[in-house]
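**Q** Got a structure for you, written out below as C-alpha coordinates; questions coming shortly.
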Amino acid sequence: MEIIKSAKQMQEISLSLRKLNDTVGFVPTMGYLHKGHVSLIENAKKDCSKVILSIFVNPTQFGDGEDYEKYPKDFDRDKKLAMAAGADYIFTPLVEEIYPAGFKASVKVRELDSVMCGSFRPGHFEGVCTVVAKFFNITLPHRAYFGLKDYQQYLIIKKMVADLNFPLRIVGCPIIREDDGVAMSSRNKYLSESERKNAVILVESIKLAASLIKNGFTNLEHIRDTVLEKFYSTPFVSKVEYFDFRDSETLEGISSINKHDFKGSGSDLLIACAVRIGSTRLIDNMIFDVSAII
Ligand code: AMP
(Lines give C-alpha, C1' and ligand atoms only; values in the text may rest on other atoms or scores of the structure.)
Protein backbone atom coordinates (compact mmCIF):
# COMPACT_ATOMS: atom_id res chain seq x y z
CA MET A 1 0.00 0.00 0.00
CA GLU A 2 1.39 3.40 -0.99
CA ILE A 3 0.81 6.72 0.78
CA ILE A 4 0.44 9.61 -1.68
CA LYS A 5 0.36 13.27 -0.68
CA SER A 6 0.67 15.00 -4.04
CA ALA A 7 -2.46 15.51 -6.19
CA LYS A 8 -0.39 15.42 -9.38
CA GLN A 9 1.29 12.15 -8.44
CA MET A 10 -2.07 10.60 -7.46
CA GLN A 11 -3.58 11.63 -10.81
CA GLU A 12 -0.59 10.20 -12.71
CA ILE A 13 -0.91 6.89 -10.84
CA SER A 14 -4.66 6.71 -11.60
CA LEU A 15 -4.08 7.49 -15.26
CA SER A 16 -1.52 4.70 -15.52
CA LEU A 17 -3.81 2.26 -13.66
CA ARG A 18 -6.56 3.01 -16.18
CA LYS A 19 -4.14 2.49 -19.07
CA LEU A 20 -3.31 -0.93 -17.59
CA ASN A 21 -7.04 -1.74 -17.60
CA ASP A 22 -7.35 -1.71 -13.84
CA THR A 23 -10.78 -0.88 -12.41
CA VAL A 24 -10.25 1.96 -9.97
CA GLY A 25 -12.43 2.19 -6.85
CA PHE A 26 -12.37 5.29 -4.66
CA VAL A 27 -13.39 5.65 -1.01
CA PRO A 28 -13.33 9.22 0.35
CA THR A 29 -13.10 9.63 4.15
CA MET A 30 -11.97 12.03 6.83
CA GLY A 31 -10.00 9.28 8.59
CA TYR A 32 -10.19 7.91 12.14
CA LEU A 33 -11.44 4.77 10.45
CA HIS A 34 -14.01 2.40 11.91
CA LYS A 35 -15.86 -0.65 10.59
CA GLY A 36 -18.17 1.56 8.50
CA HIS A 37 -15.20 2.89 6.52
CA VAL A 38 -13.67 -0.59 6.39
CA SER A 39 -16.85 -1.96 4.82
CA LEU A 40 -16.63 0.68 2.06
CA ILE A 41 -13.03 -0.35 1.29
CA GLU A 42 -14.02 -4.04 1.30
CA ASN A 43 -16.95 -3.38 -1.04
CA ALA A 44 -14.65 -1.42 -3.35
CA LYS A 45 -12.10 -4.24 -3.32
CA LYS A 46 -14.78 -6.76 -4.29
CA ASP A 47 -15.66 -4.77 -7.43
CA CYS A 48 -12.36 -3.14 -8.38
CA SER A 49 -8.79 -4.28 -8.96
CA LYS A 50 -7.30 -1.16 -7.32
CA VAL A 51 -8.70 0.82 -4.40
CA ILE A 52 -7.77 4.38 -3.47
CA LEU A 53 -8.76 5.56 0.00
CA SER A 54 -8.57 9.26 0.73
CA ILE A 55 -8.08 10.63 4.22
CA PHE A 56 -8.63 14.36 4.31
CA VAL A 57 -10.36 16.47 6.93
CA ASN A 58 -11.90 19.00 4.58
CA PRO A 59 -11.99 22.46 6.18
CA THR A 60 -14.59 23.88 3.77
CA GLN A 61 -17.34 21.52 4.93
CA PHE A 62 -17.09 22.62 8.57
CA GLY A 63 -18.96 25.69 9.79
CA ASP A 64 -17.86 28.20 12.44
CA GLY A 65 -17.86 26.60 15.87
CA GLU A 66 -17.90 23.05 14.44
CA ASP A 67 -15.27 20.41 15.24
CA TYR A 68 -12.73 20.95 12.43
CA GLU A 69 -9.86 21.72 14.83
CA LYS A 70 -10.55 18.79 17.15
CA TYR A 71 -11.63 16.17 14.55
CA PRO A 72 -10.07 12.87 15.77
CA LYS A 73 -6.98 11.56 13.98
CA ASP A 74 -4.91 8.35 14.19
CA PHE A 75 -3.05 7.87 10.95
CA ASP A 76 -1.02 4.85 12.10
CA ARG A 77 -4.16 2.95 13.04
CA ASP A 78 -5.89 4.08 9.82
CA LYS A 79 -2.98 2.74 7.75
CA LYS A 80 -3.27 -0.71 9.35
CA LEU A 81 -7.04 -0.89 8.93
CA ALA A 82 -6.87 0.35 5.33
CA MET A 83 -4.22 -2.18 4.38
CA ALA A 84 -6.07 -5.08 6.04
CA ALA A 85 -9.26 -4.09 4.20
CA GLY A 86 -7.49 -4.11 0.82
CA ALA A 87 -6.68 -0.47 0.00
CA ASP A 88 -3.84 -0.07 -2.50
CA TYR A 89 -3.26 3.67 -2.04
CA ILE A 90 -4.01 6.20 0.67
CA PHE A 91 -4.29 9.69 -0.78
CA THR A 92 -3.79 12.07 2.13
CA PRO A 93 -2.92 15.55 0.89
CA LEU A 94 -2.22 18.64 3.00
CA VAL A 95 -4.89 21.37 3.03
CA GLU A 96 -2.58 23.67 0.99
CA GLU A 97 -2.35 21.00 -1.72
CA ILE A 98 -6.13 20.93 -2.15
CA TYR A 99 -6.81 24.63 -1.54
CA PRO A 100 -3.75 26.57 -2.75
CA ALA A 101 -3.74 30.35 -2.30
CA GLY A 102 -6.25 31.94 -4.65
CA PHE A 103 -8.54 28.87 -4.91
CA LYS A 104 -11.93 30.10 -6.15
CA ALA A 105 -13.99 27.20 -7.51
CA SER A 106 -17.11 25.79 -5.91
CA VAL A 107 -19.71 23.11 -6.72
CA LYS A 108 -23.24 23.36 -5.41
CA VAL A 109 -26.22 21.04 -5.88
CA ARG A 110 -29.23 23.25 -5.30
CA GLU A 111 -32.41 22.30 -3.40
CA LEU A 112 -31.27 18.87 -2.20
CA ASP A 113 -28.76 20.78 -0.07
CA SER A 114 -31.26 23.11 1.57
CA VAL A 115 -33.14 20.64 3.80
CA MET A 116 -32.20 18.32 6.68
CA CYS A 117 -28.48 18.70 7.52
CA GLY A 118 -28.20 21.42 4.88
CA SER A 119 -30.48 23.76 6.78
CA PHE A 120 -28.50 23.36 10.01
CA ARG A 121 -25.04 23.38 8.40
CA PRO A 122 -25.07 26.17 5.79
CA GLY A 123 -22.32 25.69 3.19
CA HIS A 124 -21.61 22.13 4.35
CA PHE A 125 -22.70 20.33 1.20
CA GLU A 126 -21.07 22.91 -1.06
CA GLY A 127 -17.81 22.15 0.76
CA VAL A 128 -18.44 18.41 0.36
CA CYS A 129 -19.31 18.64 -3.36
CA THR A 130 -16.32 20.85 -4.13
CA VAL A 131 -13.81 18.55 -2.45
CA VAL A 132 -15.41 15.36 -3.82
CA ALA A 133 -15.47 16.79 -7.37
CA LYS A 134 -11.80 17.69 -6.99
CA PHE A 135 -10.96 14.24 -5.62
CA PHE A 136 -12.83 12.57 -8.51
CA ASN A 137 -10.67 14.55 -10.93
CA ILE A 138 -7.53 13.57 -9.03
CA THR A 139 -8.29 9.87 -8.49
CA LEU A 140 -10.22 9.28 -11.75
CA PRO A 141 -12.23 6.34 -10.36
CA HIS A 142 -14.58 4.03 -12.22
CA ARG A 143 -16.61 3.66 -9.03
CA ALA A 144 -16.81 5.66 -5.80
CA TYR A 145 -18.18 4.27 -2.55
CA PHE A 146 -20.30 6.24 -0.09
CA GLY A 147 -22.04 5.16 3.12
CA LEU A 148 -25.82 5.42 3.36
CA LYS A 149 -25.23 6.64 6.92
CA ASP A 150 -24.79 10.08 5.31
CA TYR A 151 -27.80 9.54 3.08
CA GLN A 152 -28.29 13.17 2.05
CA GLN A 153 -24.60 13.38 1.09
CA TYR A 154 -24.92 10.19 -0.99
CA LEU A 155 -27.94 11.58 -2.83
CA ILE A 156 -26.31 14.97 -3.46
CA ILE A 157 -23.11 13.38 -4.78
CA LYS A 158 -25.15 11.11 -7.08
CA LYS A 159 -26.94 14.19 -8.42
CA MET A 160 -23.67 16.08 -8.87
CA VAL A 161 -22.23 13.14 -10.84
CA ALA A 162 -25.34 12.92 -13.04
CA ASP A 163 -25.69 16.67 -13.63
CA LEU A 164 -21.98 17.27 -14.34
CA ASN A 165 -21.38 14.08 -16.38
CA PHE A 166 -18.66 12.63 -14.19
CA PRO A 167 -17.80 9.34 -15.92
CA LEU A 168 -18.12 7.15 -12.83
CA ARG A 169 -20.65 5.22 -10.80
CA ILE A 170 -21.63 6.03 -7.21
CA VAL A 171 -22.15 2.97 -5.02
CA GLY A 172 -24.13 3.34 -1.78
CA CYS A 173 -23.13 0.98 1.05
CA PRO A 174 -25.25 -0.07 4.06
CA ILE A 175 -24.92 1.53 7.50
CA ILE A 176 -22.62 -0.44 9.81
CA ARG A 177 -23.80 -0.40 13.43
CA GLU A 178 -22.44 -1.22 16.89
CA ASP A 179 -23.96 -4.20 18.72
CA ASP A 180 -26.62 -2.00 20.36
CA GLY A 181 -27.63 -0.51 17.00
CA VAL A 182 -25.81 2.84 17.23
CA ALA A 183 -24.47 3.80 13.78
CA MET A 184 -20.67 3.79 13.74
CA SER A 185 -19.19 7.26 13.47
CA SER A 186 -15.80 8.86 14.13
CA ARG A 187 -17.71 11.40 16.22
CA ASN A 188 -18.90 8.69 18.69
CA LYS A 189 -15.46 9.18 20.24
CA TYR A 190 -16.63 12.52 21.63
CA LEU A 191 -19.36 10.83 23.74
CA SER A 192 -18.91 10.14 27.46
CA GLU A 193 -19.84 6.62 28.60
CA SER A 194 -23.33 7.68 29.68
CA GLU A 195 -23.89 9.76 26.54
CA ARG A 196 -22.84 6.78 24.43
CA LYS A 197 -25.40 4.54 26.20
CA ASN A 198 -28.15 7.05 25.52
CA ALA A 199 -27.11 7.58 21.88
CA VAL A 200 -29.11 4.44 21.09
CA ILE A 201 -32.18 6.72 21.17
CA LEU A 202 -31.55 7.71 17.53
CA VAL A 203 -31.91 4.22 16.06
CA GLU A 204 -34.63 3.30 18.56
CA SER A 205 -36.75 6.31 17.62
CA ILE A 206 -36.39 5.57 13.93
CA LYS A 207 -37.43 1.96 14.60
CA LEU A 208 -40.37 3.16 16.70
CA ALA A 209 -41.55 5.42 13.87
CA ALA A 210 -41.16 2.56 11.37
CA SER A 211 -43.12 0.15 13.56
CA LEU A 212 -45.96 2.66 14.04
CA ILE A 213 -46.17 3.04 10.25
CA LYS A 214 -46.12 -0.75 9.83
CA ASN A 215 -48.96 -0.97 12.34
CA GLY A 216 -51.12 1.30 10.24
CA PHE A 217 -50.50 4.79 11.65
CA THR A 218 -50.49 7.12 8.66
CA ASN A 219 -50.24 10.58 10.20
CA LEU A 220 -46.52 11.23 10.25
CA GLU A 221 -46.88 14.52 12.17
CA HIS A 222 -48.41 12.57 15.07
CA ILE A 223 -45.66 9.97 14.86
CA ARG A 224 -43.06 12.75 14.96
CA ASP A 225 -44.69 14.19 18.12
CA THR A 226 -44.56 10.77 19.79
CA VAL A 227 -40.92 10.33 18.84
CA LEU A 228 -39.93 13.84 19.99
CA GLU A 229 -41.49 13.15 23.40
CA LYS A 230 -39.33 10.04 23.66
CA PHE A 231 -36.21 12.01 22.69
CA TYR A 232 -36.76 14.77 25.19
CA SER A 233 -37.34 12.31 28.03
CA THR A 234 -33.95 10.72 27.32
CA PRO A 235 -30.96 11.93 29.36
CA PHE A 236 -28.27 13.90 27.49
CA VAL A 237 -30.49 14.70 24.48
CA SER A 238 -29.85 18.43 24.23
CA LYS A 239 -31.43 19.13 20.83
CA VAL A 240 -33.31 17.33 18.09
CA GLU A 241 -32.30 19.30 14.98
CA TYR A 242 -34.71 17.34 12.83
CA PHE A 243 -36.64 14.09 12.74
CA ASP A 244 -37.95 13.94 9.19
CA PHE A 245 -40.03 11.78 6.90
CA ARG A 246 -39.02 12.36 3.27
CA ASP A 247 -39.19 10.90 -0.20
CA SER A 248 -35.93 8.95 -0.50
CA GLU A 249 -35.19 10.33 -3.98
CA THR A 250 -36.40 13.91 -3.96
CA LEU A 251 -36.10 14.60 -0.20
CA GLU A 252 -39.58 16.18 -0.35
CA GLY A 253 -41.20 16.25 3.08
CA ILE A 254 -44.03 13.75 3.63
CA SER A 255 -46.74 14.29 6.24
CA SER A 256 -49.01 11.34 5.59
CA ILE A 257 -48.46 7.89 4.17
CA ASN A 258 -51.87 7.95 2.47
CA LYS A 259 -51.53 11.30 0.76
CA HIS A 260 -48.22 10.49 -0.81
CA ASP A 261 -48.42 8.04 -3.65
CA PHE A 262 -45.21 6.06 -3.57
CA LYS A 263 -46.49 3.48 -6.01
CA GLY A 264 -44.58 3.68 -9.26
CA SER A 265 -42.41 6.55 -8.03
CA GLY A 266 -39.57 4.11 -7.46
CA SER A 267 -38.80 5.79 -4.17
CA ASP A 268 -39.21 4.78 -0.58
CA LEU A 269 -39.73 6.61 2.68
CA LEU A 270 -36.61 8.07 4.28
CA ILE A 271 -36.77 8.43 8.06
CA ALA A 272 -33.80 10.55 9.12
CA CYS A 273 -32.67 12.53 12.15
CA ALA A 274 -29.90 14.73 13.49
CA VAL A 275 -29.68 14.95 17.26
CA ARG A 276 -27.28 16.49 19.76
CA ILE A 277 -26.29 14.16 22.57
CA GLY A 278 -24.59 16.58 24.97
CA SER A 279 -22.64 18.73 22.53
CA THR A 280 -22.05 15.96 19.98
CA ARG A 281 -24.10 16.03 16.80
CA LEU A 282 -25.13 12.56 15.57
CA ILE A 283 -27.16 11.52 12.52
CA ASP A 284 -28.96 8.33 11.57
CA ASN A 285 -31.55 7.16 9.07
CA MET A 286 -33.46 4.23 7.65
CA ILE A 287 -35.03 3.65 4.27
CA PHE A 288 -38.48 2.20 4.62
CA ASP A 289 -40.05 0.21 1.79
CA VAL A 290 -43.57 1.64 1.74
CA SER A 291 -44.75 -0.57 -1.09
CA ALA A 292 -45.06 -3.42 1.44
CA ILE A 293 -47.78 -1.55 3.37
CA ILE A 294 -49.72 0.56 0.86
P1 AMP B 1 -16.48 10.31 7.10
O2 AMP B 1 -15.06 9.88 7.36
O3 AMP B 1 -17.32 10.38 8.34
O4 AMP B 1 -16.56 11.55 6.24
O5 AMP B 1 -17.15 9.15 6.25
C6 AMP B 1 -16.55 8.68 5.07
C7 AMP B 1 -17.50 7.73 4.40
O8 AMP B 1 -17.78 6.64 5.28
C9 AMP B 1 -18.84 8.36 4.02
O10 AMP B 1 -19.26 7.85 2.76
C11 AMP B 1 -19.74 7.86 5.13
O12 AMP B 1 -21.11 7.78 4.76
C13 AMP B 1 -19.18 6.48 5.38
N14 AMP B 1 -19.56 6.00 6.72
C15 AMP B 1 -19.38 6.63 7.90
N16 AMP B 1 -19.93 5.91 8.90
C17 AMP B 1 -20.48 4.82 8.33
C18 AMP B 1 -21.21 3.68 8.84
N19 AMP B 1 -21.50 3.55 10.14
N20 AMP B 1 -21.63 2.75 7.95
C21 AMP B 1 -21.37 2.88 6.62
N22 AMP B 1 -20.69 3.91 6.09
C23 AMP B 1 -20.25 4.86 6.93
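The values are calculated or read from the model by the stated rules, or taken from the named source; none is laboratory data. What you see is a predicted model; the values in this text were computed from it and never measured. Because the Cβ atoms are built from the backbone with ideal geometry, glycine has one as well, and the counts that use them run over all protein chains shown. Only protein heavy atoms, including side chains, enter the accessible area calculation; ligands, DNA and RNA are left aside. Shrake-Rupley method; radii C 1.70, N 1.55, O 1.52, S 1.80 Å.
**Q** Over what distance in Å are the Cα centres of segment 44-93 and segment 159-206 separated?
**A** When both Cα centres are located, 15 Å separates them.
**Q** Of the candidates G266, G118, G127, which one comes out as most mobile in a Gaussian network treatment of the chain with C-alpha springs shorter than 10 Å?
**A** Of G266, G118, G127, the most mobile in the Gaussian network model is G266.
**Q** Once both axes come from the Cα atoms, what is the angle between helix 201-214 and the longest principal axis of the chain, in degrees from 0 to 90, rounded to 10?
**A** Helix 201-214 and the main axis of the chain meet at about 60 degrees.
**Q** Taking all protein chains in place and a 1.4 Å probe, what share, in percent, of the accessible surface of the chain do carbon and sulfur account for?
**A** Summing carbon and sulfur atoms, their accessible area is 50 percent of the total for the chain.
**Q** Run the reach check for K79 against aspartates and glutamates, Cα to Cα strictly under 18 Å, same-chain hits fewer than 8 apart removed. What comes back?
**A** E2, E42, D88
**Q** Once both axes come from the Cα atoms, what is the angle between helix 35-47 and the longest principal axis of the chain, in degrees from 0 to 90, rounded to 10?
**A** It works out to around 60 degrees.
**Q** Taking amide H positions as placed 1.01 Å from N in the peptide plane, with prolines and chain starts having none, which residues 5 or more places from R169, or on another chain, fall under 5 Å of its amide H?
**A** R143, A144
**Q** Still on this structure, I have one more. Explain nothing, just the number: relative contact order of segment 104-185, from Cα pairs under 8 Å at least 6 residues apart, as a whole percent.
**A** After rounding, I find 28 percent.
**Q** Let me ask something additional. How many nm separate the modelled label positions at D47 and N137, each set 7 Å beyond the Cα in the direction of the Cβ?
**A** Taking the two extended label points, one gets 2.4 nm.
**Q** With an 8 Å Cα cut-off and a minimum separation of 6 or more residues, compute the relative contact order for the chain in percent.
**A** The normalised contact order for the chain reaches 17 percent.
**Q** Given K70/K149; K8/K70; K45/K158; K46/K149; K45/K149, which pairs have Cα atoms separated by over 25 Å?
**A** K8/K70
**Q** Applying a 10 Å radius around every beta-carbon, put 1-8, 101-108 in order of their mean neighbour count, most first.
**A** Ranking the peptides 1-8, 101-108 by packing returns 1-8, 101-108.
**Q** Within segment 205-290, report the GluC sites (Glu not before Pro) that DSSP leaves as loop and that have at most 15 other Cβ atoms within 10 Å.
**A** Taking segment 205-290 and a limit of 15 other Cβ atoms within 10 Å, the loop GluC sites (Glu not before Pro) found are E249, E252.
**Q** Okay, moving on. Quick one: Karplus J couplings for segment 217-223, per residue in order, coefficients 6.51, -1.76, 1.60, θ = phi - 60°, nearest Hz, x for Gly and Pro?
**A** 6, 10, 7, 6, 5, 5, 5
**Q** To continue, here is another question. Calculate the radius of gyration of the Cα atoms of segment 68-138 to one decimal place, then report Dmax, the largest Cα-Cα distance, as a whole number, both in Å.
**A** Every Cα atom of segment 68-138 included, Rg and Dmax give 15.2, 39 Å.
**Q** Mean projection of the alpha-carbon convex hull of the chain over all orientations, in nm²?
**A** Average projection, Cα convex hull of the chain: 15.8 nm².
**Q** Note down, for segment 139-294, the three equivalent ellipsoid semi-axes (square root of 5 times each alpha carbon gyration tensor eigenvalue), biggest first, whole angstrom.
**A** 27, 23, 12
**Q** OK, next. What's the percent breakdown of Cα-Cα distances in segment 1-139 across 10 Å bins, shortest bin first?
**A** 11, 38, 36, 13, 1
**Q** On to the next question. Helix 75-85 versus the longest principal axis of the chain: what angle, 0 to 90°, nearest 10, using Cα atoms?
**A** Relative to the chain, helix 75-85 is tipped by roughly 90 degrees.
**Q** For segment 207-250, what does the convex hull of the Cα positions come to per residue, in cubic angstrom?
**A** Measuring per residue, one finds 90 Å³ for the Cα hull of segment 207-250.
**Q** Right, another one. So how far apart, in nm, are the two label points at L208 and E221 if each is 7 Å from Cα heading toward Cβ?
**A** Modelled inter-label distance: 2.0 nm.
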